[in-house]
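These notes concern the structure reproduced below.
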Amino acid sequence: NPIFRTGFIGWFSAQVLKVLTSYLTTRRLSWQPLFDSGGMPSSHSSLCMSFTTAVGVIHGLGSSIFAICFGFSAIVMYDAANVRLQAGKHAQILNKVVEQTDWLEELRGTKLKEVLGHSKTQVLAGFAWGILVGLVLN
């Protein structure tokens, strides 16, 4: 299935790019970004836009399935750059509160995951990467 293949390659290649961009910012090679959420580029955005672009090329920009894909892609990217990003900021604050509050001692060993979402730049990079993958493979 060319649409599935395109989406999978868009997602996987974005995850691999996270290793490279992590290295460029930290100067330390780590494979951990392959398994983490967050980071540059957004693999969710890349997956969605790879699917959407493949559908647009194969079925046409005027097709109903393209409109559905584009709508879902917009929701996923909005969620990544807004809702999930804010949830990560909330986790940072809650982790500090637990760390600094004596009466929450039983929660001290618990740490919420702080990197959940993406910056708008990371989402835009995933958006562009997904379109590129979708056009190259179709």
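The numbers here are math on the coordinates, done by the rules we state, and not lab data. Note that the structure is predicted; figures quoted are calculated from it, not measured. Virtual Cβ from ideal backbone geometry, glycine too; neighbours counted across all protein chains shown.
Side notes on the structure shown:
- Folded to 0 to 90 degrees: helix 84-100 orientation relative to the chain principal axis, Cα: 10 degrees
- Order by protection proxy (mean Cβ within 10 Å, highest first), peptides 55-61, 27-33, 86-92: 55-61, 86-92, 27-33
- Cα-projected label distance for residue 34 with residue 83, points at 7 Å along beta-carbon direction, nm: 3.0 nm
- Oblate is the label for the range 28-91. Its Cα gyration tensor axes, ordered a ≥ b ≥ c, give a/c of at least 1.5 and b/c at or above a/b.
- Over the chain, relative contact order from alpha-carbon pairs under 8 Å, at least 6 apart, %: 36 percent
- Sequence-distant contacts, meaning Cα pairs under 8 Å at least 6 residues apart, place the relative contact order of the range 35-82 at 40 percent.
- Which label in (i) 2, 10, 20, 24, 22, 16, 5, 0, 0; (ii) 2, 12, 16, 17, 16, 13, 9, 6, 4, 3, 2, 1, 0; (iii) 2, 9, 14, 15, 13, 13, 12, 10, 7, 4, 2, 1, 0, 0 gives the computed P(r) over Cα pairs in 5 Å bins from 0, in percent: (ii)
- Here the dipole of the chain is about 340 debye; that uses its Cα centre as origin and unit charges on the Cβ of Lys and Arg (positive) and Asp and Glu (negative).
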